[in-house]
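Undergrad: This is the structure I have questions about; it appears just below.
The values are calculated or read from the model by the stated rules, or taken from the named source; none is laboratory data. Quick caveat, the model's predicted, so the values are computed rather than measured. Virtual Cβ from ideal backbone geometry, glycine too; neighbours counted across all protein chains shown.
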Amino acid sequence: MKKILRGHHLLCTHGFKGMGYSPDFVDVMTGIVADMRNEETDFPIQVVQGFDDACQACPHKGSTQCSKSEDSNGHVLSMDGKVISHLGLSAGGVYMKSELLQRTAERVRPGDLDYLCEGCSWLEFGVCKEGIGNLREKQRV
């Protein structure tokens with residue numbers, strides 16, 4: 001079961017606590033997060049800078065780009081690019097979930113989200129930083 005995740009969603013999965021843009025989005029993201037947190041499974045993930053599996057249920061998904069606001073598409077693409085670069089990945093590359101979890105634990109500290117996720121409306125809740133901290137503890141980094 002290959003998943004497609006945009007760069008910044010690789011970080012969102014660690015702090016997700018059921019908040020979202022719509023009930024459908026929350027349902028889809030809940031499933032993705034459950035798969036990412038399931039220690040019994042490993043699977044390939046294509047990392048993209050653009051629409052992914054979670055975006056398919058987002059009410060702001062336009063035909064070719066995010067339409068939440070005038071600058072939202074550029075903003076999410078920028079976050080994707082920063083995360084992909086920070087993790088040493090290639091946009092469009094396919095990686096095993098276990099490798100992505102390890103890279104994230106090794107290369108991302110909670111404070112890094114201030115830069116990587118700058119301007120994200122969810123950052124202020126602190127759940128993402130908490131999630132990254134928990135991942136680092138679990139991976140013993």
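Undergrad: Can you name the condition, by its number, that Pro59 falls short on among (1) in a loop (DSSP other than H, G, I, E, B); (2) in contact with a Ser or Thr (Cβ under 8 Å, 6 or more places away or on another chain); (3) surrounded by 17 or more Cβ atoms within 10 Å (Cβ to Cβ)?
TA: (3)
Undergrad: Shifting gears a bit: Does Glu40 satisfy the condition of being more than 15 Å from the chain's Cα centre (by Cα), of a type in the set (Asp, Glu), over 23 Å from Glu137 (Cβ atoms) and outside any helix (DSSP H, G or I)?
TA: no
Undergrad: Tell me, which residue of segment 65-107 that is touching a helix residue (DSSP H, G or I) at 6+ places or on another chain (Cβ under 9 Å), more than 22 Å from Arg136 (Cα to Cα) and in a loop (DSSP other than H, G, I, E, B) is modelled with the lowest pLDDT?
TA: Looking at the filtered set, the residue picked out is Ser69.
Undergrad: Let me ask something else about it. Do we find a residue being acidic (Asp, Glu), closer than 30 Å to Ser63 by Cβ and surrounded by 13 or more Cβ atoms within 10 Å (Cβ to Cβ) anywhere in segment 80-95?
TA: Yes - at least one qualifying residue is present in segment 80-95.
Undergrad: Which one of these does Arg140 not meet: (1) more than 19 Å from Phe25 (Cα to Cα); (2) assigned to a helix (DSSP H, G or I); (3) at pLDDT below 95?
TA: (2) is the only condition that Arg140 fails.
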